[in-house]
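Student: Pasting a structure below so you can have a look.
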Amino acid sequence: MSEDFICFIWKYRLFEQKNLTTTKGEPFEIVSPGYYNRDAGPDFTDIKLRIGKTLWAGNAEVHISSSDWDRHGHTKDPAYNNVILHIVYEHDRQIFRSDGTEPPAFELKNHIKPGIENRYVQLMRNMSWIPCEKQIGQVADLYMGNWLSRVLTTRLEEKSSEVLKLVAECRGSWDDAFYILLARNFGFKVNALPFELLARSLPQQILGKHRNSPLQIEALLFGQAGFLYDEDPDAYTMSLASEYGFLRRKYHLSPIDPYLWKFLRLHPQNFPTLRLAQFAALILKSAHLFSKILELADVKEIAKLFKDLPLDPYWETHYRLGKLCAKISAQPGTESVNNILLNTVAATVFTYGKYIGNDVFTGRALHLLETLPPETNSIIRGFRSIGVTPRNAGESQALLQLKKSWCDKKNCLLCNVGAKILNYD
């Protein structure tokens, strides 16, 4: 038993509501259960009760036992003087407000609808991949889709706070913040940190001064990454090192630690050196990239910005500097471009729209996610295996958030799927 469960029962009225009485035998009627408050103060605000012929309005506090009121210090807290109902699973003693009066108490124990408590216990004790693994497939697609839309908004709001912090760090420059976010995304999970540190060590204003020189752009990026100190460099690497030596002195640059980069167990197409070459080509192709994205409404046009990059032919035969390989396609693949669109472009455009109060941009971000195909990773495969198949990237992003913030924490009582399962007749 938990207070969250009692709050859940009260919020959704999952108890017999005929002939309700307080612990002192006073009949009462619930006009409104109020609003669940997860912040400080009483658990429910603005509840309305009819006790006798009198309509009462105020707050409600929830406890497992009545005596928890004293244990939680409410007896001395005036913030609880407007509690008009003490909702408890078990009434074990009288309690009083700080003004000396006793709030009416309602004992839920014998009113909860049959089966709900057992289903709740089963969910909490379940050690499966997610608590509702065996039941989630029974939830109607329409209901599931509506819930995932709300979860997606939660995910985007969470990402927005991170984006806004970065914009503040960049003194209000959305272009500078986007440059760092984009660099982090080019590193994907494994090399996100060194890519971000690289971008922070090399302001895009410096890169902008050399946009007409592909060699200097690569020299700056590979030099700052610490990749130009090979003991046996080839001619291309030596030319980059020569350029970087001059530019490093000119701009007083310090490279990041090359040991931060990870190559082990990565597919060669995901080597940070090739990703960095792609990032350099993107910088060459698109000045003020975020501003350009804001001007485009068509998803295909936005995607084009990340395709057909002007990569040096060197990268058609190299995954790493100085390491010759068979001819490859050095361009970012469709999956890589989609990853950038859903993780960086959508999140930043959504945040920008919220920041300036323009629903056009938030709508574009959501449309972008609805247009892209769902991701493929271990979590999404897990959901597919139990009958939950995302239709687009928005739903796959929502499922990732659902797993992290609800399923893994067993927050079933705060999840609409959990509510549906517990309320099955």
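All of the numbers you see were taken from the coordinates with simple rules; none came from a lab. Keep in mind that what you see is a predicted model, and the values were worked out from it rather than measured. Using ideal geometry, Cβ is built from the backbone for each residue, glycine included, and neighbour counts are taken over all protein chains shown.
Student: Give, in whole angstrom and from largest to smallest, the semi-axes √(5λ) of the equivalent ellipsoid of the chain, with λ running over the eigenvalues of the Cα gyration tensor.
Tutor: Over the Cα atoms of the chain, the ellipsoid semi-axes are 57, 23, 19 Å.
Student: Go ahead and collect, in residue order, the members of the stretch 381-425 whose backbone nitrogen is under 13 Å from a label point 7 Å along the Cα-Cβ direction of Asp141.
Tutor: 388-392
Student: Cα-Cα over 31 Å: which of Lys189/Lys409; Lys354/Lys409; Lys159/Lys307; Lys250/Lys300; Lys292/Lys410?
Tutor: Lys250/Lys300; Lys292/Lys410
Student: Rounded to whole Å, give me the distance from the Cα center of the stretch 21-54 to that of the stretch 273-331.
Tutor: Result: 61 Å between the Cα centres.
Student: Sorting check: for 124-130, 67-73, 148-154, which peptide has the highest mean count of neighbouring beta carbons within 10 Å, and how do the rest follow?
Tutor: 148-154, 67-73, 124-130
Student: Continuing with the same structure: Once both axes come from the Cα atoms, what is the angle between helix 214-225 and the longest principal axis of the chain, in degrees from 0 to 90, rounded to 10?
Tutor: 50
Student: Can you tell me the 0 to 90 degree angle between the C-alpha axis of helix 346-356 and the longest principal axis of the chain, rounded to 10?
Tutor: 70
Student: Could you state the number of Å between the C-alpha centres of the stretch 111-157 and the stretch 186-231?
Tutor: That distance is 45 Å.
Student: So if I place +1 on the C-beta of Lys and Arg and -1 on the C-beta of Asp and Glu, and nothing else carries charge, what would the dipole magnitude of the chain be about its Cα centre? I want it in debye, nearest 20.
Tutor: 480
Student: Between helix 393-402 and the chain, what is the angle of the helix's C-alpha long axis to the longest principal axis, kept within 0 to 90° and rounded to the nearest 10?
Tutor: Once rounded, one gets 50 degrees.
Student: Now for a different question. Please work out how much length the chain gains when fully extended from Ser405 to His111, using 0.36 nm per residue of separation minus the C-alpha to C-alpha distance, in nm with one decimal.
Tutor: 102.8 nm
Student: Given points 7 Å out from each Cα along the Cα-Cβ axis, report the Asp257 to Asp308 separation in nanometres with one decimal.
Tutor: For Asp257 paired with Asp308, the spin-label model returns 4.3 nm.
Student: Per 0.36 nm of contour for each residue apart, how much would the distance between Arg249 and Asn19 grow if the chain were fully extended, relative to their Cα-Cα spacing?
Tutor: 74.4 nm
Student: Which ³J(HN,Hα) values, rounded to whole Hz and listed in residue order, are derived for the stretch 37-46 from phi using the Karplus coefficients 6.51, -1.76 and 1.60 in 6.51 cos²θ - 1.76 cosθ + 1.60 with θ = phi - 60°, glycine and proline given as x?
Tutor: The phi angles translate into 10, 9, 9, 5, x, x, 5, 10, 10, 6 Hz.
Student: Can I ask one more? Compare the Cα positions of Pro42, Leu309, Ser67 along the charge dipole of the chain (+1 at Cβ of Lys, Arg; -1 at Cβ of Asp, Glu; about the Cα centre) and return the one farthest towards the positive end.
Tutor: Toward the positive end, the furthest listed residue is Leu309.
Student: Can you give the % of DSSP beta bridges in the chain that are antiparallel, to the nearest 5?
Tutor: Percent antiparallel among DSSP bridges in the chain is about 65.
Student: Here's something else I'd like to know. Per DSSP helix of 4 or more residues, -39500 (n - 2.57); summed, then divided by the residues of the chain. What does that give at 222 nm, rounded to the nearest 500?
Tutor: Mean residue ellipticity, 222 nm, calculated: -13500 deg cm²/dmol.
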